[in-house]
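The values are calculated or read from the model by the stated rules, or taken from the named source; none is laboratory data. Predicted model, so just to flag it, every value in this text is computed and none were measured. Cβ sites come from the backbone with ideal geometry, for glycine too, and all protein chains shown count toward neighbours.
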Amino acid sequence: MNNPRKTFLPPASVYLFAVTLPFFEVTAGSLLILGLFTRFAAALGGLLVTALTIGLTISGDAHGVALNLVYAMALFILLYLVDENELSLDRLRKRS
């Protein structure tokens, strides 16, 4: 946060979000790559993208908002097709 923009949000909440965001991103991304708890991981990713999009909208970053909407569409497609995924740890868990 080298260049914090002025917002109506309390600085403490912006800082807390910025500190915890990487941990949630790594968790969601790792679970998606492994195919473990895929539905939960995609929903978590969707919530993160939504929160980031709201923050970027408040700060006025149109390019960042557009990029996040592409990620949101990808996560939506992933959630829509989650039952079709044959190469995942979720599928192996269901078989046993």
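For the condition surrounded by fewer than 11 Cβ atoms within 10 Å (Cβ to Cβ), assigned to a helix (DSSP H, G or I) and free of Cβ contacts under 8 Å to residues at least 12 places away in the same chain, what is the one hit in S30, S13? So that I can check it myself, show each step before the final result.
Values: S30 fails: surrounded by fewer than 11 Cβ atoms within 10 Å (Cβ to Cβ).
Going through S30, S13 in turn, just one is surrounded by fewer than 11 Cβ atoms within 10 Å (Cβ to Cβ), assigned to a helix (DSSP H, G or I) and free of Cβ contacts under 8 Å to residues at least 12 places away in the same chain: S13.
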Name the residues in region 80-96 that are part of a loop (DSSP other than H, G, I, E, B), among the hydrophobic types (A, V, I, L, M, F, W, C) and either at pLDDT 90 or above or under 10 Å from L36 (Cβ atoms) (or both), would you?
-> L81
Residues located in region 56-79, provided they are over 13 Å from the mean Cα position of the chain (by Cα) and part of a helix (DSSP H, G or I) | L56, T57, I58, S59, A62, H63, G64, V65, A66, I77
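Aromatic (F, W, Y) and more than 17 Å from the chain's Cα centre (by Cα): does that describe Y15?
Working: aromatic (F, W, Y): yes; more than 17 Å from the chain's Cα centre (by Cα): yes.
Taking the combined requirement at face value, the residue satisfies it.
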